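> Attaching a single structure in structure tokens format; questions to follow.
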Amino acid sequence: MIDIDTLIEDSKDLKLLYVEDNQDAREMTVMILEDFFDSIVVAVDGEDGLEKFKENKIDLVITDINMPRMNGMDLCAKIREIDDAVPLVILSAHNEDNFFIDSIKLGVNGYLLKPVDIEQLSIVIFRVIQKYKYMKEAKENLHLLEEYKEATNQSAIVSKTDKKGIITYVNDAFCKISAYSREELIGKSHNIVRHPDNSKKIFEEMWDTIQNKKSIWRGIVRNRSKDGRSYYVDSFVMPIVDLDGNVLEYISLRNDITDIMNPAKQLSDALKDAPNPLLIYLKLENFSDIEEFYDNETIDTIQNKAGEYLEKKFLELYNFDKMYQLENGEYAFVLNAQDSLTDKEQFIRTFKEFQKELKDENVFFDDIEYSISVIASIAYDKSKILESVKIGIKKLLKIKKSFILANNMAQREQEKAKENMKTVHMIKNAINSSRIISYFQPIIDNATRKIVKYESLVRLINDEGKVLSPYFFLETAKKSNYYLKITSIVLEHSFNILNHCESDISINLSALDIEQKNMRKKILELLEHYKEDAHRIVFELLEDESIKDFSVVKKFIAEVKAYGVKIAIDDFGAGYSNFERLLDYQPDILKIDGCLIRDIETSTYSLSAVKSIVTFAKEQNLQTIAEFIENEEIYNIVKELGVDLSQGYYFGKPEPLEKKSKD
């Protein structure tokens, strides 16, 4: 049951583009849509709709099909050329089957019949918004993880040691800053890079903290590279313990602070001492271009002159003790928040005007004319204030904006990082404790209602003994080193079950799996080992736009088909169904998108969609599977439509391997 109030809450902030040529239908539908959307851009035909899509940041498109001056399908095609992710909903007065396959190719997300009623609209909007939310969350998580990865590659110096302090792993950044090769470092103590001027007390305290107290140690250490050069690192050393609290190894993350130690330390100390700091953190907007265009001496001149100019301009507006000139075209000012923020909105307005004035002015440095354009990250929440503004600067560079209020950004990023680390730790423990398991869900023949296949579905048993679905761990695993280990375990479980039942076993594979050479090798080795039963294996492949080299996938399909393996396309009929790509996959089975099946009782378009897929499949001699069969009514509908196989809780939920082994 859809909660209308929740649905309206989720949809009201989205900007809708509604395209309809019939004035009466347009006015009536807009009245209904206004209950769901605060911002609606209305267009009278396809060409008008395309122009307004280009002019506005649209979150959702609802369009009629038959219109003058570009019909709805052509409009969707044009929009897809601009934005391949924005949700599209087709609006029509008829069940227009001839448009269905075209709409699949375009990745249409939903369908509405005229006249639009509240119930029909609620169902479609709910479905589209859910997908929109999941996609947005996935992009945000992916963006965050990519940021972490990039930050680590660029700035973190990582090493691991055994319990005795002998180095077992170093990353490229460690090798680069120390000037030692990986081979020279592995097997040695960290004494190889420590500067002799360091106090012994530092390391006595460190070992007491990480070895005896089993806590995290942090401190600044002076190191010496192979060529005798000194460098300073902000070190973070943490013991890795097992479930019983025994230390297994130590991991250390370091940041090179050699170049920024003096001004950065001064800024840090100033923030610690200030009771109510307001931190304004600036960066020259196009500093990366400056670095590419000018030599080091000129860059230093620009940074110094820009700093002098900014300090002069700031003195005209604010009271502060000093300007902190950092590296990479960055500057910081610490103000008193209590005095400066008596009117926060006015302060921000004034500062933005100040930014505009800077951008409009040209400053001359010797023979160089330069525009002092800056991006600004501001925070006044003292907790992790410096970390927050730095994250704000990174975000501004990413989204190409000039101002951000960065309060609590560090805490939010830290909370997300902690959750990711907890999940990774849970996955690691589950793998080491053989708590990655396979559940098997039956797939029945619609003609006989007998089980003919099982789909292998991964599950994780956490430390509390709770069985978790992939939703809680698989996406995080994909960003770590554990995803392929999970896939390997599932493959072994799935092939092993061939010895215990006569039915086919269906296994899910992603592009990430297939693109890994070692994983392809393992799959072929398993097929060779289980050669007599390999014809009972079905690989379910998800169409994926992220495939880097489709020739690898095509070759893999040809190799496994030589063993009699069958190929199924998962979630067929979803947004990214491409008929040209379908030919490349050479599937034996189409597994119809569950969203179409789930709504088939109430949605005439879902019914029409499934009917079209079945017709297409029969013409191509392909089997069809309907998943999400939750009751007798849905089963009867798909059976009557000619779907070959069914899967869902109506016939059986996923269960452990042991239960299926007794069948």
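The values are calculated or read from the model by the stated rules, or taken from the named source; none is laboratory data. Computed from a prediction, not measured in an experiment: that's the story for all the values here. Note that we place each Cβ from the backbone using ideal geometry, even for glycine, and neighbour counts take in every protein chain shown. Remember, those area values only see protein heavy atoms, side chains included, never the ligands or the DNA or RNA. Shrake-Rupley method; radii C 1.70, N 1.55, O 1.52, S 1.80 Å.
> Using a/c under 1.5 as the rounded threshold, could you call the stretch 465-521 rounded, prolate or oblate? The axes a ≥ b ≥ c are square roots of the C-alpha gyration tensor eigenvalues, and prolate needs a/b larger than b/c, oblate otherwise.
Oblate.
> Please work out the FRET efficiency for the pair ASP83 and LYS226, using the Cβ-Cβ distance as r and a Förster radius of 56 Å; give the result to the nearest 0.05.
According to the calculation, E is roughly 0.65.
> Let me ask something else. Under the classification rounded if a/c is under 1.5, otherwise prolate if a/b is larger than b/c and oblate if not, where does the stretch 17-112 fall, given a ≥ b ≥ c as square roots of the Cα gyration tensor eigenvalues?
rounded
> Reported to two decimal places, what Rg/Rh ratio describes the stretch 490-529 when computed on Cα atoms with Rh from the Kirkwood expression?
Ratio value, two decimals: 0.99.
> Please list, in order along the stretch 316-327, the HN-Hα scalar couplings obtained from phi with the Karplus expression 6.51 cos²θ - 1.76 cosθ + 1.60 (θ = phi - 60°), rounded to whole Hz, x for Gly and Pro.
6, 10, 10, 9, 7, 7, 7, 9, 9, 8, 9, 8
> If you wrap a convex hull around the Cα atoms of the stretch 554-651, how much volume per residue is inside, in Å³?
98
> With a cut-off of at most 16 other beta carbons within 10 Å, and DSSP calling the residue loop, which trypsin sites (Lys or Arg not before Pro) in the stretch 302-368 qualify? Please list them.
Working: sites: LYS305, LYS312, LYS313, LYS322, LYS344, ARG349, LYS352, LYS356, LYS359; in loops: LYS322.
When the trypsin sites (Lys or Arg not before Pro) of the stretch 302-368 are filtered for loop state and at most 16 Cβ neighbours within 10 Å, LYS322 remain.
> How many nm is it between the label spots at GLU119 and LYS400, if each spot is 7 Å from the Cα in line with the beta carbon?
4.7
> Report, in degrees rounded to the nearest 10, the 0 to 90 angle that the Cα long axis of helix 517-529 makes with the longest principal axis of the chain.
It is inclined by approximately 40 degrees.
> Could you give log10 I(q)/I(0) at q = 0.15, 0.28, 0.30 Å⁻¹ for the stretch 194-257, computed by the Debye formula over C-alpha point scatterers of equal weight, without solvent?
Debye intensities relative to I(0), on a log10 scale: -0.51, -1.19, -1.26.
> Run the reach check for LYS201 against lysines, Cα to Cα strictly under 29 Å, same-chain hits fewer than 8 apart removed. What comes back?
Straight-line reach from LYS201, under 29 Å: LYS160, LYS163, LYS164, LYS176, LYS188, LYS213, LYS214, LYS226, LYS265, LYS272, LYS384.
> Mind checking which aspartates and glutamates have their C-alpha under 12 Å from LYS554, skipping anything on the same chain fewer than 8 residues away?
Result set, ordered by chain and number: GLU515, ASP584.
> Under a point spin-label approximation (7 Å from Cα along Cα-to-Cβ), what is the GLU205-ASN296 distance to one decimal in nm?
3.3
> Would you grab the residues whose amide H sits under 5 Å from the one on VAL41? Only those 5+ places off in sequence or on another chain, please, with H modelled 1.01 Å from N.
LEU16, LEU17, TYR18
> Another question about this same structure. Please calculate how many Å² of accessible area the chain carries per residue, with a 1.4 Å probe and no DNA, RNA or ligand atoms counted.
52
> State the percentage of accessible surface on the stretch 453-513 attributable to carbon and sulfur atoms; use a 1.4 Å probe and exclude ligands, DNA and RNA.
Within the stretch 453-513, the accessible surface is 50 percent carbon and sulfur.
> Please give, to one decimal in nm, the separation of the simple spin-label points placed at GLU311 and ILE32, each 7 Å out from Cα toward the Cβ.
Each label point lies 7 Å from its Cα, and together they span 6.6 nm.
> Grab the beta carbon distance between ASN319 and SER39, set R0 = 45 Å, and tell me the FRET efficiency rounded to 0.05.
Efficiency computed from Cβ-Cβ geometry: 0.60.
> Hey, any idea what the orientation-averaged projected area of the convex hull of the stretch 355-495's Cα atoms comes to, in nm²? Walk me through the numbers before you get to the answer.
Values: hull surface 65.4 nm².
Computing the convex hull of the Cα atoms and averaging its projections yields 16.3 nm².
> Roughly what angle does helix 385-399 make with the longest principal axis of the chain, taking Cα atoms, 0 to 90 degrees, to the nearest 10?
On a 0 to 90 degree scale, this one is about 50.
> Sticking with this one: Do the sum for the chain: with -39,500 (n - 2.57) for every DSSP H run of n ≥ 4, divided by all residues, what is the mean residue ellipticity at 222 nm, to the nearest 500 deg cm²/dmol?
It lands at -13500 deg cm²/dmol.
> Using +1 at the Cβ of each Lys and Arg and -1 at the Cβ of each Asp and Glu in the chain, identify which of LEU113, VAL241, CYS595 lies farthest towards the dipole's positive end.
VAL241
> Next question. Viscosity 0.692 mPa s, temperature 37 °C: what is the translational diffusion coefficient of the stretch 265-341 from Stokes-Einstein with a Kirkwood Rh over Cα pairs, rounded to a whole number of µm²/s?
244
> Using 0.36 nm per residue, how much length does the chain from GLU633 to ILE4 gain when fully extended, once their Cα-Cα distance is taken away?
That pair, GLU633 and ILE4, stretches by 223.9 nm at full extension.
> When you take every Cα atom in the stretch 238-310, what is the radius of gyration, and what is Dmax, the widest Cα pair distance, in Å?
When restricted to the Cα atoms of the stretch 238-310, Rg and Dmax are 19.9, 59 Å.
> In addition: State, in angstrom, two size descriptors of the stretch 313-415 derived from its alpha carbons: Rg to one decimal place and Dmax to the nearest whole number.
For the stretch 313-415, the Cα-based Rg and Dmax read 14.5, 48 Å.
> What FRET efficiency do you get for PHE364 and ALA417 if R0 is 45 Å and r is their Cβ-Cβ distance, rounded to the nearest 0.05?
Computed FRET efficiency for PHE364 and ALA417: 0.50.
> Report, by chain and number, residues whose modeled amide H sits under 5 Å from the one on ILE537, excluding near sequence neighbours (fewer than 5 apart, same chain).
For ILE537, the qualifying residues are ILE505, LYS566.
> According to the Kirkwood expression over distinct Cα-Cα pairs, how big is the hydrodynamic radius of the stretch 418-464, in Å?
When all Cα pairs of the stretch 418-464 are included, the Kirkwood radius is 12.7 Å.
> Oh, and also: 5 Å is the cut-off here: which amide hydrogens, built 1.01 Å from N in the peptide plane, fall below it relative to ALA376, excluding neighbours closer than 5 in sequence?
Amide H neighbours of ALA376, under 5 Å, 5+ apart: PHE403, ILE404.
> Which entries of LYS418/LYS479; LYS344/LYS382; LYS422/LYS466; LYS54/LYS352 show an alpha-carbon separation above 19 angstrom in the structure shown?
Long pairs (Cα-Cα over 19 Å): LYS54/LYS352.
> Using Stokes-Einstein with the Kirkwood hydrodynamic radius over Cα pairs, what translational diffusion coefficient do you get for the chain at 20 °C and a viscosity of 1.002 mPa s, in µm²/s rounded to a whole number?
The estimated diffusion coefficient comes to 72 µm²/s.
> Calculate one ³J(HN,Hα) per residue across the stretch 338-345 by plugging θ = phi - 60° into the Karplus curve 6.51 cos²θ - 1.76 cosθ + 1.60, and present them in order as whole Hz with x for glycine and proline.
Per-residue couplings from phi come out as 5, 7, 8, 10, 4, 9, 5, 5 Hz.
> Peptides 400-410, 182-192: what's the order by average Cβ count within 10 Å, highest mean first? Don't skip to the end; give the middle numbers.
Values: 400-410: 17.1, 182-192: 13.7.
Highest to lowest by the protection proxy: 400-410, 182-192.
> So which aspartates and glutamates can LYS136 reach, going by Cα to Cα under 12 Å and dropping same-chain residues fewer than 8 places off?
Once the sequence-local aspartates and glutamates are set aside, what remains near LYS136 is ASP59.
> So between ASN198 and LYS653, what do we pick up on full extension, going 0.36 nm a residue minus the alpha carbon distance?
Using 0.36 nm per residue and subtracting the Cα-Cα distance, I get 157.6 nm.
> Once you charge only the Cβ atoms, +1 for Lys and Arg and -1 for Asp and Glu, what is the size of the charge dipole of the chain about its Cα centre, to the nearest 20 debye?
3040
> May I pose another question? For the stretch 371-462, give the magnitude of the charge dipole about the Cα centre (Cβ charges: +1 Lys/Arg, -1 Asp/Glu; no others), in debye to the nearest 20.
The calculated dipole for the stretch 371-462 is roughly 100 debye.
> Now for a different question. Calculate log10 I(q)/I(0) of the stretch 392-474 for q = 0.11 Å⁻¹, where I(q) comes from the Debye formula with a single equal point scatterer on each Cα and nothing for solvent.
Log10 I(q)/I(0), no solvent term: -0.56.
> Once Rh is set to the Kirkwood radius over Cα pairs, what Stokes-Einstein translational diffusion coefficient, in µm²/s, holds for the stretch 235-376 at a temperature of 37 °C and a viscosity of 0.692 mPa s? Write down the numbers at each step before the final one.
Working: Rh = 17.7 Å.
The Stokes-Einstein estimate is 186 µm²/s.
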